[in-house]
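As structure tokens, the structure follows; a few thoughts come after it.
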Amino acid sequence: MGASSAMRRIQAGNALSAFGLGFTVPYLYVYVAQVRDLGASTAGAVLAVFALAALVVLPFIGRVIDRRGPLPVLVGGALVAAAGALAMGFSGSVPAAVAAAALLGAGTAVMQPALATMIVWSSSPSTRTRAFATQFFLANLGLGVGGLIGGQLVDESEPGSFLLLFSVEAVMFLVLAAIAVTVRLPRPAALPTLPGAPTRGMRALLSHRAMVHLCLLGFVLFFACYGQFESGLAAYGTEAAGIDPSTLGIALAANTAVIVVAQFVVLRLVERRRRSRVIAAVGLIWALAWIVAGFAGLGHGGQTVATAAFVSTYALFGLGEAMLSPTVAPLVADLAPAESVGQYNSAFALVKQVALAVGPAVGGPMGAALHGPYIVTFVLFSLGITVLALRLGRRLTPVQDQPSLVAGSRVVAQGAPVEASPLVVVEQPVR
């Protein structure tokens, strides 16, 4: 099985698992709090455990991926997530719901860096940008379609309808595992590194200034965008702008629609440009998005104008997300030594999870009560993305910042090009 065949199967599994997630993600809070009648505090605890489980497993899973390969880790994560989804469908008590959330959170968290590493192994620097853009596109398409279908099946008065949703999610995870075991991954051979430089472990990663800078940038990206979608920004929209709660679903749909429609148009515009400048442009676009959100909260022009402005905010975020997908994830891969790709992907996934945990905790209360300061704070965070991205560009080699300059080149973690050492792909099954 060649790299292209492996990539097609990986992307298909990614899309199907996202489709399954879409069935349940929008309804988890309602299911626990109202359908199972466990209360809002229990629902909040379940969501917290879901995030905490990811934070617990991610620091350790990177080394397992690098030692054992991403495929068995992906299969194991999918099986754990399937068990968690099915358990959630049957959970009628607080301990059962919390335990199910722990399994589901840990399983889905493990799958993220494993999938990313499989994409790295099945691509070259010249094809990696498009591969990660395709992954992001299919994941959003799957989530959107799953959420749409799930919304037609769900009935708050009938717990059995939710069991159906969680069962579909579990089946999709099992399908991902079944597809994964058929993949024969091309595995990159180890590359030489600079004399005396650590190549493995957290010490190597923390000594790699470009990667540390990218992790800081990643934290701000996820904190200022994804960490606000369903917390601070939603609270701001309903409290300050007077947005009807049903409009939040329309805004999220607009976000997904922009990603799906614009992804490959944006890809053609950015794949031959410097990654640091593309990310810097995202900061400016998101600053504009927050300004538009601020306008929605001022109440000028009536409710219709406020609603249109609020939906436009989510659409602008979607445009920025479409620009990030072909830049940030491939950059993590190109910064990593070949033998530590899993650890670098896991570290970046951990940063994302921390931002997604901190974001709602900070943004939720601000968006609900401190409307002006909330908007100003996140305009400044967005401009901070631009500053951090431009500074990151100074730490990158020309090929890391713009892979199209040299097709087939590969760079070691310390930021120095390896002479005459392209990424070697060895065809071998990894079980």
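The values are calculated or read from the model by the stated rules, or taken from the named source; none is laboratory data. None of the values given here were measured: they were computed from a predicted structure. Counting neighbours? That spans all protein chains shown, and the Cβs are built from the backbone with ideal geometry, glycine included. These accessible areas exclude ligands, DNA and RNA; they are computed on the full protein's heavy atoms, side chains included. Shrake-Rupley method; radii C 1.70, N 1.55, O 1.52, S 1.80 Å.
Worth pointing out:
- Some residue of the stretch 51-63 being part of a helix (DSSP H, G or I) and either without any contact (Cβ under 8 Å) to a residue 24 or more places away in the chain or more than 18 Å from the chain's Cα centre (by Cα) (or both): yes
For every residue, the table says whether it meets (1) within 14 Å of the chain's Cα centre (by Cα); (2) under 30 Å from residue 37 (Cβ atoms).
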position: 131; (1), (2): no, no
position: 134; (1), (2): yes, no
position: 147; (1), (2): no, yes
position: 152; (1), (2): no, yes
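- Wholly within the stretch 277-375, helices (runs of 4 or more DSSP H) carrying at least 2 residues that are farther than 19 Å from residue 265 by Cβ and under 16 Å from the mean Cα position of the chain (by Cα): 328-335, 341-369
- Output for the stretch 151-162, where each listed residue is open to solvent by less than 50 Å² (accessible area, probe 1.4 Å) and more than 24 Å from residue 250 (Cβ to Cβ): 159, 160
- Answer from 44, 77, 20 - the residue that is open to solvent by 10 Å² or more (accessible area, probe 1.4 Å) and under 25 Å from residue 229 (Cβ atoms): 44
Okay, residues lined up against (1) of a type outside the set (A, V, I, L, M, F, W, C); (2) part of a helix (DSSP H, G or I); (3) open to solvent by 50 Å² or more (accessible area, probe 1.4 Å); (4) free of Cβ contacts under 8 Å to residues at least 12 places away in the same chain:
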| site | (1), (2), (3), (4) |
| --- | --- |
| 377 | yes, yes, no, yes |
| 380 | no, yes, yes, yes |
| 387 | no, yes, yes, no |
| 392 | no, yes, no, no |
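- Of all residues making up the stretch 310-330, the number that are free of Cβ contacts under 8 Å to residues at least 60 places away in the same chain, hydrophobic (A, V, I, L, M, F, W, C) and more than 21 Å from residue 120 (Cβ to Cβ): 1
- Out of 315, 308, one residue alone is closer than 19 Å to residue 248 by Cβ, surrounded by fewer than 24 Cβ atoms within 10 Å (Cβ to Cβ), at pLDDT 90 or above and out of contact with any Phe, Trp or Tyr (no Cβ under 9 Å at 6 or more places or on another chain). It is 315.
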